[in-house]
Structures are given as C-alpha cells and as structure tokens.
1. Taking θ = phi - 60°, what integer Hz values does the Karplus form 6.51 cos²θ - 1.76 cosθ + 1.60 yield along the range A:254-270, in sequence order, with x for Gly and Pro?
2. Which listed residue (B:I142, B:V208, B:L117) has the Cα farthest towards the positive end of the charge dipole for the range B:63-284, taking +1 on Lys and Arg C-beta and -1 on Asp and Glu C-beta about the Cα centre?
3. Per q in 0.10 1/Å, what log10 I(q)/I(0) does a Debye calculation on the alpha-carbon atoms of the protein assembly as shown return?
4. Under a 5 Å amide H to amide H cut-off, with H placed in plane at 1.01 Å, what residues pair with A:G480 once short-range neighbours are removed?
5. Only sites in a loop by DSSP and with at most 16 other Cβ atoms within 10 Å count here; which chymotrypsin sites (Phe, Trp or Tyr not before Pro) in the range B:187-281 make the cut?
6. Amide H neighbours of A:R213 under 5 Å, counting only residues 5+ apart in sequence or on other chains, H built in-plane at 1.01 Å?
7. Evaluate peptide A:358-367: per residue, the Cβ atoms of other protein chains within 10 Å of its Cβ; return the mean as an integer.
8. Given only helices, namely DSSP H runs of n ≥ 4 each adding -39500 (n - 2.57), what is the per-residue ellipticity at 222 nm of chain B, to the nearest 500 deg cm²/dmol?
Amino acid sequence: MNAITFENISKYYPSTEVQASDNVSFSIRKGEIHAICGENGAGKSTLMNILFGLERMDSGRILINEEEVTLRNASDALAHGIGMVHQHFKLVPSFTVAESILLGTEEKPFISKKSEVEAVRELSEKYSLPIDPSALIDTLPVGMLQRVEILKMLIRNVEILILDEPTAVLTPNEVGPFLDTLRNLKERGKTIIFISHKLQEVLDASDRITVMRKGKFIGTKESKETNIYELADMMVGRKVLLSVDKKPSVPGETILSVENINVTSSSGLKILDNVSFSVRRGEIYGIAGVSGNGQEALIKAIAGEVQVRSGVIRISGKEVQNLSVEQKRKAGMAYVPEDRVHVGLNVEASLLDNSLLGYEDEKCFKKGMFLDEKKLRERAEKMISDYQIYGSSVDGLVSKLSGGNMQKVVLAREFEHVPDLLIVEQPVRGLDVGSIEFVHKAIIEERDKGTAVLLVSVELDEILSLSDRVGVMYSGSLAGELSGDEINETNIALLMVGKKGGVE
Amino acid sequence: MKKIKAINLAMPVSAIILGVIASMLLIALTGVSPLSVLETLLKDGFGLSGKVAPLFMTLGTSTPLMLTGLAAMLGFKVGVFSIAQEGQYVMGAIIAAWLGASLNLPSPIAVPMIMILSMAVAALYGLIPALLKVKLGVNEIISSIMMNNIAAYVLEYLVAFPMRADAGQKAQSAVINRDYWLYQFVYGSRWGISFVIAVVLLIVAYFVIFKTGKGYKVRMVGQNINFASYGGIRSDKVIITTLTTGAAIAGLAGCMEVLGNYHRIMTGFSSGLGFDGLSVAMLGMSHPAGVFIVSILLAGIRQGAQLGLQISLSVPRELGAVLIALVILFVAVSDVYRPALERLLSRKERKNRRKEG
C-alpha cells in the first residue's frame, strides 16, 4: 500500500522564473524509509513543502493512503498524519524540552509541569529516543535539538515524517545514531521521507531512493540494487568523478607558520590553546574537527583581524599577527570564506564588482585616477569562461547565481591573486555533486601550482580526499597531526573526540 | 544591465506619476479644476515668460537641494542613513555670514576662503556623529537629530544676540560685504555661479563613485560591510571620510545660500533644506543624475505652487508640499508595487526579444 502518491505535481515561481516542480509523479510505500536526492535547486524542498501544506501546487494531485487530499496549510498536513522537521530548527531557546515538544498541543487552560515532563518521558521511552525533558533548549547540542523536533512531531501522532536535509547540521559522530533513529521509527510502522544530497548515507539508511533533477522526477531505485555512481549520474545527468585524482604532493618551503598562538574570548575563555603548525608550498593541510572546536578563531586569527594574546603567525617569513587584512593580503594571502553569501560575495552587486575586491588600489587596473573598466571587464569575462560560471553576465547581479556558481566567482577572484597562501573554509558546503567536483579539482590545481593550501572542513570525506597532511582540532587545541598513511577515517575520528592515544 | 537600469528609472517615474494623480484627485475634491492647477504649476514652475523667468528661479532654488541631496546620497552610498545635513547646512551658513560680514580682503581671496572654511567647519561638525557611529556604535539617526537641534539653537542664539544687526528689527545678522555676493546669471533669479558649482560637484561625484577605486570601496562598504572588510577595505575609515565629505558639501550649500542668495542669516534660516536633501537623494535613486533631475523637479513644483497656485488660483501653496509628500510616499511604499513593475518590464523585454528573434 502506498502512504503517499504524487500525481503530476507542477509548481512555477514567476518571480524567479523557475519551474521548481515539473509534472512530478511517484509514490512512497507505507512503512519505508524513502530518500529524495538531487542537486541544489532540483525541487526536493519545494515538493516537500507542498506535501506539508506550506506551498500550493499549480496543478496535480496528492493521495494519502490512496485518498485524494487538499493541503492548504501545515495543520491540514498534521491532521492527515504528516509531520515535517525543517533543516533550520524552529525552537525557542528559553523553553525546556518538554515545553517545546508540547507547545501547541495543550488542551486544558492550565498546564502542569509534572504531567508535561511525564508525558515527554513516556514518549521518549516509547520510541527509544532518550532525552532529558527538563533540559533547556539553549543548552542542547544540535543532535538533541533534532531529536526534540522529531518528538514534537511524534506527539502529534504523525504517521509520515518528512526530514529536510537532516544530516546537514549534524557532526559526523551524530550521523550514525541519527540513522539508527530512522530505522527504529520505521520498525514502529512510521513512514520516513528524507531529503539529502549525501549519497553514502542515503544508501546506508533508506529502502528506496527517488532522484530529482531540475524540478523533474528522474527515477526511483531500490537502495539495495543501486550504487553511489548510478545515483550521482542520475542526479547530475552525466558521469561524475567522485574520488579526486591527485598526484602525491611535492612540498617546498614553509609558507604559513603558526607558533603557539593563544586566543581568549572577551569573557576570558580560552578559545585557542597553544596552537602550532605549518603549511608548506605545494601541499594541502587539512584542519579537521567537529565544528566549534576553535577552527573559527584560528581562521580569524590568520585571515582576519582577531588579536592573538600570544604567539606568532608568519606568512612567507613575515610576522602578520598584528597586521590588517589588507596587509595580510599584500603578504600573499587569499581566503575563500565559509559564508559566501554574506562574506565572500556582495550579492547585491554585479559580477564585475565582485571580481574587483582586493584589486581596487592596484596600479595595473588604473588608467590615470580612474579604474580601467575595459581591462577589468576583459578580466571578468575571462574568469567567467575559465571557471565556467553559468547564469550571469559580467554586469549581472551575483544574487541570481546558484550556490555552485557563486563559489566559482569567489574562487576565480581569490585564485587570481596568485597567492602564496590559500585558505579555504568549508568550500563545498551546500553545493551539488557537479560543483563539488569542480571546486575540489580547482583547489588541487592551485596546490600543484605551488600554493600552500590550508583547508578547514568538518566534512571528513573532504579532508580525506584532499589533504596531504591533517591537523585535528579538539577543544581549542591541535589534538594531533597526521600525514601519509596515518590519514584515515578512524584516526581522524578518534582525534576529533579528543582521544590522543588513538594514533601511535 | 538593461533590466536593472529600466527598473531603477521606472521606480521614481511611476512614483511621480502616481503622486501627481493622487494630488489631482485631492484638488478635484476642493472644486478647482485639476487641469488648470497642473497648467499653472508647469507655467509658474518651469515657464520662460515673465520679468524673471520662473525656470531660472527654479534653477536657483534647486541649487542647495542638489548639494544637500548629494550629501544625503553619499551617506546612503556608504550604507548610513545620515540625516545630519540640516545641521551641517546651518553651520556652513553661520560661518559664511560671520566671515562675510567681518572679513576685509579682496573678493578673489575672501570668497574661496569663506567657502573652504564653511566646508571645513561643517565637515568637523559632521565628523562628530560619524565618529560616534563608527567607534561607539551610536545610532546615526539619533545623534544626527541632536546635532541638528544644536545647530538650530546656536543659529537662533547668534542672530538674536552676538551677530544681531540692529536691535529693533527682526533677529538677523548684518548683510555681508557686497563684494562677496555671488554672481547671478539673471538678476533676481538666484540662478548663478553656485548652480554651476553644484552641477560640477555632481559630475565629480558620479565619476568618483562609479569610476574610481575609492568609490568602489564606498559602494562595497555600503552594500555589504562584511564583504568589504573581508577583502581588506578599512570600512571604518571609508565611512568616516564619506560622511565628512558629505558634511562639507552640505556646509557649502549653506555657505552659498548666504553668499549668493540671502546675504545674511536670520531666525528660521534653514526651513528644512537639509531634510529636503534626503527626499532628493531617495527620489533620485541615490544617483547623481537622479539628484540633479529631482532637485529641479522639486524646486519647480514648490516654485509653481508658491507663485502660481497661491496668487493666481488662490489654492494654498501648501499643495505643492502635499504633492511632493505624496510622491515621496509612493517611493516609500514602492516595495509593494515593485514586483508588479518588474514583471511588467520583464514581460516587455521578452516580447521585444521575441520580435527580434
């Protein structure tokens, strides 16, 4: 029996002129874990929002348990037993777990704390999702927050649970238990739909997989009968190289050296504790670690203007820890920041303006006192063709570009500096398979040209496939450094949780 | 590029048309024929007949608007909604009236000197809220309002006591040295050398903002300060320099109003010219060309309302202010109808493309 059947669902957004859903038809069986995969902008979230009543479809039918339904809003969906956990949690920080879960389900005018706590405890035991009902939302890690969101749906007796990119926010250590939770819910008869573009976990966790591309339904596969390559091909529509081709590195002299740096927060907390490492010309040094273990402060100290309390940072021998960003860039640093929409780019400006940042004072781009527009324009045109940036002309706004193409603009500009030191932070976060391949190749090419690359990523796969050496951050210090054959998943994972003894 | 430009032009134009339609409806309610009002407004605001052609007078009154509009625009460009032009304008005027009445130098030396000193004092006056904003994070709107009030009361005090010309008369300063009066193209029109200076400054501003590295920094800081700082732009420095430059320009507007028009200062000297600069910058879509056109348009409407409506149709001249206010209102709510306008434009574009193809 099918829990949900989509029949010819179409949805067009006139403002952005995007056909987000194009005659999509497929069904989801009762009691299965069904994954929906696709690149960014493939229409996965739109379809799920339609199912949860958040968006109206232009045409088509939705059948729940073989019966046609109209879903005008989220309460309609909940009434039909459909629940959704969004990628960005919608929780009140000052509430307790019990309050958050029960919010909106109160039937009596007065509530009793005791019975609330009791109800949540019962629920969490029933589904074996242990949680402390009286803990404050504020104090919980992301994995627990997700659990709260799931329980919030379960107490409303949903039979079908939609999860939008549930693993995107989890640390690698949290993903395993989360997938167990899904299997556990399935055993209790729930139907699970989850959106993801991480193919390995999709294969691990789901019974069937539906692939979408550019708003169209491409196909549904039994997870046991398919593999990562077939799925990737379906998603992208062409053959994709999943592992990156990489020659062994030929390191040269030291470019970046970080010596015993310490950073404290304004409240006196130690954020970085005696961190030392160095990156040489022609190698990629990966900084791995669960996010929030000091990577942010480390990058800010090297590429931004965070004051270090003690220690020395050198770029090509020059002390830079007290210099401005401008001076650091002059010393040969280029930086691809994690947040490309708010930091790496000015999305309200044209591609031309975005390609100019950092060069506006360069003599070679000036004609008299003015900027040499012709030269800059030619340079931007060249970036567009060299980096295969699709979706905009030189004068078009960057906001019109897709995530992958935005990142290409950042790379094009930063690589143009011919840097000695390149810092890349989460370079493929939120990108689709095709763009990931492009970005990774570009970073390796940059390395082969003799740049020292510092890569910061919380994605183990990325660290493993790109790095020549790896440093693992744990609670503000470098828990260990790996090179050559020592670089493997187990060693990194052990260091990530602070087990220094893991590597001998 | 073309699409962006079309929408930027369509916005103020549609706001003006809607504003005119709405005020014509208002007029019709009072029983006066809207068409005759429109005709009078055009004739007395932009006409070329009469002893002193109304158009010349409009060009004269548009001059300080261009400058305060440019000053406000600089703030917008660097992402700061600074409303401090009023106070800076008054400061510039005070310095000009004081030096104009007390200096005893030949005019080729004195006039540039007065202008430069007025600008310098206004710039210093503008530096205060700029520093407060950048160094301490003080809201620029609140500090600007305070600074405007201080300037207004300083002016009231000065013309009432130390700078007062004669005890019996209205509180006003002495008339400045006749040699320092700025040249007017048509006597009695206020249209003169200061207009040329304003236009030259607008042109310079255009080139600096859109064609130089400095202007690039200003635009990037205004649009996305995180982006600018990430790329090594000293955003604090950029904000401070841009705001003080704007302040100097607002000061020059006050200075030239004294040298070219009033020849003295008196109570209620400013009558909100600094604030008008904000409307001009907004309606002009923060572009020097827009500021130029809108200044003349607003000055003309005001002029036509004052000369024509009040005198020949006995419609209160405040109607001019109502019309301007309605236009600004339509700009302010433009977010509501902007998507519709965009859709209209893109549909037209598609049709054109189809025709070409």
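1. Karplus values, whole Hz, x for Gly and Pro: 6, 9, 9, 10, 10, 10, 6, 7, 10, 10, 10, 7, 4, 8, x, 6, 6.
2. In the range B:63-284, that residue is B:V208.
3. Relative scattering, expressed as log10 I(q)/I(0), comes to -1.20.
4. A:V472
5. On the way: sites: B:Y187, B:W191, B:F195, B:Y206, B:F207, B:F210, B:Y216, B:F227, B:Y230, B:Y262, B:F269, B:F275; in loops: B:Y187, B:W191, B:F269.
Answer by residue number: B:Y187.
6. So A:R213 has HN proximity to A:I218.
7. Details: counts 4, 3, 10, 6, 1, 0, 0, 1, 2, 1.
The mean count of partner-chain Cβ atoms within 10 Å per residue comes to 3.
8. Working: 14 runs with 260 residues, N = 357.
That calculation yields -25000 deg cm²/dmol at 222 nm.
The values are calculated or read from the model by the stated rules, or taken from the named source; none is laboratory data. What you are looking at is a predicted structure, and each value in this text was computed from that prediction instead of being measured. Glycine gets a Cβ as well: all are built from the backbone with ideal geometry, and neighbour counts include every protein chain shown. The protein model used for the area step is the full one, side chains on, heavy atoms only, and it has no ligands, DNA or RNA in it. Shrake-Rupley method; radii C 1.70, N 1.55, O 1.52, S 1.80 Å.
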